[in-house]
Structure formats: C-alpha cells, structure tokens
There are 2 protein chains.
Amino acid sequence: MTYCLGMMLEEGLVFASDSRTNAGVDSVATFRKLFVFDQQGERVFVLLTAGNLAITQEIVGMVERSLYTDDVERSIFQAETMFHAARVISGFLRTVFNRDGEYFRAHATDFNASMILGGQIKGERPRLFLIYSTGNFIEAGEETPYFQLGETKYGKPILERVLTPHVSLSDAAKCALVSFDSTIRANISVAPPIDLAIYRRDGFCITSRQRIEEDDPYFKALRRHWGEGLKRVFSEAPDPPWRTDTERPLPAQVPLAMQR
Amino acid sequence: MTYCLGMMLEEGLVFASDSRTNAGVDSVATFRKLFVFDQQGERVFVLLTAGNLAITQEIVGMVERSLYTDDVERSIFQAETMFHAARVISGFLRTVFNRDGEYFRAHATDFNASMILGGQIKGERPRLFLIYSTGNFIEAGEETPYFQLGETKYGKPILERVLTPHVSLSDAAKCALVSFDSTIRANISVAPPIDLAIYRRDGFCITSRQRIEEDDPYFKALRRHWGEGLKRVFSEAPDPPWRTDTERPLPAQVPLAMQR
C-alpha cells in the first residue's frame, strides 16, 4: 500500500509520501514515490505516485527522458500551463496502458496507477491535480484543498478538521505528518521514511525537502505530543450521563428487535 | 454503508451502531442495526449487523422466531455457551446463503452480511465474536479487545490509542462516540441516530441503552470538546524545524528522480 498527500494553500504547496511498497505481505520494500522536476526561476513540479510500481516507475522514466526535448506533447518543461503538464503525464500513463493493459487483463490484475501532480509555471498560480488510472484528472479547489492516494482513510480526519487554504505552509506540513502518523499506526503497509516537499508560491524552486526517518527527532517529538495530547483531551472530555452500573436492576425491557 | 463497534472490557461490553442504510446514494434510509435479546438474570446477547439489509433482517427474524423454542440448534436462549450461540447465528446465515446465494451470483451481487455478537451466559465470562459472511467467526482477545463492521477506518485511530481491556465502561462508551464522530464527519453514508448498549459483567441484563440523535446534548458537547481539543493540541504541537520561506534561494539541486 501507499499513502501520498498533496495540499494546495494560499502560501503554496505541500507534498508528502511514504516509501513502503509491497507485493503481498512477504514482499515488502522501500521505494521513492515523490519526484521533483524543476527549472529554477521558471517552473517547479512535484509528482506523487501510487499503484503498480512497474507502471509508475515507467511513467517517471518517461517524464525524465522527455524533460529536455522540445517535444511540447511530451516535455513538462515545455508545458505552458499546469493543465498541459497534467495532460502530458496522462498521455504517458495511457501509452503504458495501451501497451500493457491487455496483459494485466490476461493476468486478472488491475491496471492501477494514480498520481498527484502539483507545482507552478511562471505566469500561473500554483495548481494541484489528481490523475486517475484511466488518465483523466481533476484539480483541487478551495473547498477541497488536498488530494490523497492509497491508504487515505486513517489520515483523513485530521485533514478535515484542520486543513483550509488559509493554513500556513508550516502548519500544513505539521498536519501532513500527523495524518501520516495516524496512517502508519493503523496500517503496517504504510511506513517511513516519509518524503516531504514544501513549495512557497512564486518561489519557482522547492523551499524545503526532507526525508523523515522513523527516528527523526522532530517527527518523534510531534508523534509524542500528538499521542499524549489526544489522550489528555479524551480524559478531559465530559463523561457520559448514562448509568454504567447495575446496582438497581433496570425495569423489564421490550426486546429492541420487537420495536422495529 | 454502516459503522458498528463492539468492545470487550474487564468491566463488561459496549456496543454501538449507526442507523444509515443506502442502496446507492439515491436510496438512503434509517434502519436499526443493534438488537438485544435477553433473559434477565440468565443471559444477554447483543447483535450488530452490517451488509445486505435483506439478509441481516432475515437472520434477525430467524433468531427472534426461534428464541422460545426448545430447539438447541436454533434457539440462542437454549445455548450453553456464547460460542454455541455464535454457531446458531452462523447457521441461520448459511441457511439464507444456501437458498439465496445463487441468485446473488446470478445478479453479480456480493452475498455480504457480517455481524458482531456479544454477551454473557451464566457460567461463562462475557464474550465477543465477529461473524463473517462465510459464516465462520473469530473471538476477541486481550490484544484486540474490539471488533468493527462496515466503514471501519476513519474511527480506528482513537480506538488504537485509547482502548484497552482495562478501560472503564464509561470511558469505552465515550471512546465509541468519538470513533463514531470521526466516521460520521468523513463519510456521509454513516449517520446518527447511534444505538448504544452498555453491559456490565455479571449483570445479566443491559445496563444502559441509548438512542443518540444528532442533537443529543451529550453527543454535541463531546463532539465540540473533541474538535476544539484536537485543534488546541495541533496548535500547541511543535512547529517543523524546516524553512518554509524562500528569501534565500536554495542551492541548485540534483533532481530527486535522478537519485533513485
């Protein structure tokens, strides 16, 4: 499994991915799922990948090999807009599908590869896209300022509570790591190191890039603070007003099943 | 979708379920998914159901109709152990499967019905079982003192952090409602009212039974406390040590993609 997260904020973009891949529980490995492509001062792209590693590695390779060509249909460095860049990557995905799709079908395996593409090209604002296995894609907006890939559910509650476009880059990165903490605790198929990239709007270069290992001092401190804080909030929460003792027997009850 | 939760604690058992059913987003309704069967002073059963409502309603009906028969293979009031009672309910499930399974296959629909059965029969400790669609079942133990059905992921992090067999019934009920709050916020197919049942060990009758509506004063206070508490813990968490500004340009970078 995988967990990837891309956030679009007024101040810029934040990206994070885990590094765990598995083909069954007996084949677990570490692979990078966050890729940066930039022309400093001109454009920055961050690509997050999930799904079949053979597909996504091939797509990343196609992106890389085409970067410095002047083929506007294949080079994201030639793209005039982020939408155009998403279209280029979608095209690579469909090229792989057109060649490999029938073999996946023959082996009853899903052709499964999804990606988050974010970044900024000079002349545009920062933009964030979610590209599906089918090759079509959607763009993040103010109401839903983030996209997730992979094991999305455990880490969603904190995003829903905290994340708005007005949050600072620093708070968004903190929120991302809390979201990863919840996911890593719940699912052993998501694991550190976590790759993190922060992009400040109009910077046209990556502002900060971190590889956060399990024993990273900040991540450890954040996890401890969060876990202890949750337990404190829980213990301070009001107790239920309902009786939990049976000293006085309850009156005889109509079985609930008969109340239907 | 559905969210059901059964907890096994030293002090007893706690059960909770939502009441939302849907067959597609355009067919949403409210149905009870928590059922109590008790002979006061002798035995108490709580059954939580998830999956195809036609299947689970039929099973509940079969349980009810057999309660006061002397058929030891069909009446959970005749069962000598909780294991035996789980076997009875598994038998009803398989009876329905044997009759309906081929029609589900013909319509390419999953035969999907899972249940949590908990309770206590005089002479035994309280026990908690998870019954799968296949009719086989597992029992909760000290390491995993809870079972979930349906939309399980959003509400799992709080369980993993707080729930142990040593938690009081009151705290377990509180924990269940926080878990429901996280799930209801994230998934519109899970919704109040929440049915809650608390059973204190060796009481042999339900200690407390509540139907918690959206505007229940305690649930509202708990949700507000929890939401505000999480935001406070988040805002007090240490800030990341990484730069999030671009006043000084970063040195030129080797593209991450090339470091693979």
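The table for this structure:
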item	result
Prolate/oblate/rounded call for region B:94-164, Cα gyration tensor, a/c under 1.5 rounded	oblate
Derived scalar couplings ³J(HN,Hα) [region B:51-63; Karplus, 6.51 cos²θ - 1.76 cosθ + 1.60; whole Hz; x for Gly, Pro]	x, 5, 5, 5, 5, 5, 5, 5, 5, 4, x, 5, 4
Burial of 50 Å² or greater, region A:213-248 residues [accessible area, probe 1.4 Å, versus chain by itself]	A:218, A:225, A:226, A:230, A:233, A:234, A:238, A:240, A:242, A:244, A:246
Listed residues A:180, B:104 arranged by accessible area, highest first, probe 1.4 Å	B:104, A:180
Pairwise burial A:B, computed as accessible area of each alone minus the pair, summed, 1.4 Å, Å²	7200
Interchain or long-range residues, amide H under 5 Å from residue B:2's placed H	B:151
Chain A: angle of helix A:217-236 to the longest principal axis, Cα-based, in degrees nearest 10	30
Exam field: residue B:217 pseudo-label spacings to other copies (7 Å along Cα-Cβ), nanometres	5.0
Cα gyration tensor category, rounded, prolate or oblate, for region B:3-231 with a/c compared to 1.5	oblate
Surface accessible to a 1.4 Å probe, per residue, for the residues of region B:104-260, Å²	44
Region A:106-145 residues near the modelled residue A:80 label - backbone nitrogen below 13 Å, point 7 Å along Cα→Cβ	A:123-124
Exam field: residue A:69 pseudo-label spacings to other copies (7 Å along Cα-Cβ), nanometres	7.3
Relative contact order for region B:1-140, counting Cα pairs under 8 Å that sit 6 or more residues apart, in percent	23
Chain A: relative contact order in percent, alpha carbon pairs under 8 Å with at least 6 residues between	25
Accessible surface of chain A, 1.4 Å probe, proportion on carbon and sulfur as whole %	48
Given B:33/B:153; B:33/B:231; B:122/B:174, the pairs whose alpha carbons are separated by over 23 Å	B:33/B:231; B:122/B:174
Cα gyration tensor, the protein assembly as shown - rounded (a/c under 1.5), prolate or oblate	prolate
Table column - 3J(HN,Hα) (Hz), region A:191-204, Karplus curve with 6.51, -1.76, 1.60, x for Gly and Pro	8, x, x, 9, 8, 10, 9, 10, 10, 8, 3, 6, x, 6
Label point 7 Å beyond Cα along the C-beta direction, distances from residue B:124 to other copies (nm, shortest first)	6.3
Estimated vicinal HN-Hα couplings, Hz - region B:70-85 in sequence order (Karplus 6.51, -1.76, 1.60; Gly, Pro = x)	9, 7, 5, 7, 10, 9, 6, 6, 9, 5, 8, 9, 5, 4, 4, 4
Accessible-area ranking of B:87, A:161, largest first, probe 1.4 Å	B:87, A:161
Residue and distance (whole Å) for the chain A Cβ nearest the axis that superposes A on B	A:153, 2
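The values are calculated or read from the model by the stated rules, or taken from the named source; none is laboratory data. Nothing here was measured: the structure is a model prediction, and the numbers come from that model. Cβ coordinates were reconstructed from backbone atoms using ideal geometry, including for glycine residues, and neighbour counts include every protein chain displayed. Side chains included, ligands, DNA and RNA excluded: accessible areas come from the protein's heavy atoms. Shrake-Rupley method; radii C 1.70, N 1.55, O 1.52, S 1.80 Å.
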